[in-house]
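Notes for the one structure printed next.
A short reminder: the numbers here are calculations on the coordinates, not readings from a lab. All values derive from a computational prediction rather than experimental measurement. Note: ideal-geometry Cβ built from the backbone for every residue, glycine included; neighbour counts use all protein chains shown.
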Amino acid sequence: MEAWGLGMFMVSAGIVVVLLETPDSPIHPLIPDADLRRGVIGLFMGLTAIGIIYSPWGKQSGAQINPAVTLTFLRLGKMAAWDAGFYIMFQFIGGTLGVLLVWAFFGDSFAKSPVVYVATVPGPEGMWIAFAAETLISLLLMLTVLAFMNAKSLTHYTGLAAGVLVAVFITLEAPFSGMSMNPARSFASAAPSGIWIAGWIYFTAPVLGMLSAVELYRLFRLTTLRMCAKLDHPLDRRCIHCGYDPEMGKSRAQTLTLTTENKP
């Protein structure tokens with residue numbers, strides 16, 4: 001499910017960028033402004049992220065689809081190391097397969113400029129600006145996720161908030177670093193293309209930013225008790241992370257109701 005999630009994200013990214021950025025695409029001349037095209041790409045990718053998070057498989061696995069997110073939940077003690085290892089492995093596999101699928105379908109339109117496998121590379125401001133930008137957006141994303149997941153009235157909207165941030169970051173931050181926030185996403189483009197320009201940024205900055213969010217959260221003594229390692233936690237599905245079982249959940253709720261009703 002994690003492989004499918006990031007694979008579908010990369011398929012969506014590849015298709016949207018090919019359609020909007022390839023000069024011979026019928027859609028490209030309809031939006032001549034590059035900044036506007038990037039905004040449209042951001043909107044589609046934000047919607048893709050939201051769709052994956054709230055899909056049946058996304059609800060089952062938790063739709064982390066990002067090794068940095070998985071390591072954050074591991075650091076918080078919300079998932080087992082064994083599960084985290086397999087999540088990360090299949091995120092890399094799924095993302096890469098998604099890129100290969102788009103390449104097989106679109107060929108040179110996907111592989112050559114200006115799309116170039118939707119690879120993430122530093123912008124003209126240089127590597128350190130790209131590193132700082134990747135760290136900052138990863139920090140902001142995880143702080144938002146933590147805040148939403150631990151607020152009872154907001155927890156169900158965590159995936160929506162994450163999708164909105166993805167859209168905003170692609171629109172505003174992509175010129176600085178390509179907007180990755182995800183080591184597996186960058187690897188998925190770099191492996192088949194051979195484009196490893198400043199690859200260290202995309203393996204370190206997202207992890208640094210998201211783990212820093214955990215330490216900031218703890219610094220202000222904010223609780224993480226309500227959290228589970230799922231961006232959306234449905235009550236009709238079992239959870240391997242927190243041990244929730246829908247049948248046991250129903251039994252506890254029924255027991256509580258009966259106990260309350262029988263009180264004098």
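Mean separation of Cα pairs under 8 Å and 6+ residues apart, divided by the residue count of the stretch 2-233: what relative contact order is that in percent?
It rounds to 32 percent for the stretch 2-233.
Can you order the peptides 121-129, 230-238 by their average number of other Cβ atoms within 10 Å per residue, highest first?
Highest mean packing first, the order is 230-238, 121-129.
So how tilted is helix 34-53 from the main axis of the chain? Cα-based, degrees 0 to 90, rounded to 10.
30 degrees
Select one label from (1) 1.01; (2) 1.03; (3) 0.98: the one whose number is Rg/Rh (Cα atoms, Kirkwood Rh) as derived from the coordinates shown.
Calculated Rg/Rh (Cα atoms, Kirkwood Rh): the matching label is (2).
How do the peptides 84-92, 2-10 rank, highest first, by the average count of neighbouring beta carbon atoms within 10 Å per residue?
Result, highest mean first: 2-10, 84-92.
Find the lysine pairs in the stretch 2-233 meeting two conditions, Cα atoms under 17 Å apart and a separation of 8 or more places or different chains, and report how many there are.
Going through the stretch 2-233 pair by pair, I get 4.
Helix-only mean residue ellipticity at 222 nm, the chain, DSSP H runs n ≥ 4 weighted -39,500 (n - 2.57), per residue, nearest 500. What is it?
Per the formula, -21500 deg cm²/dmol.
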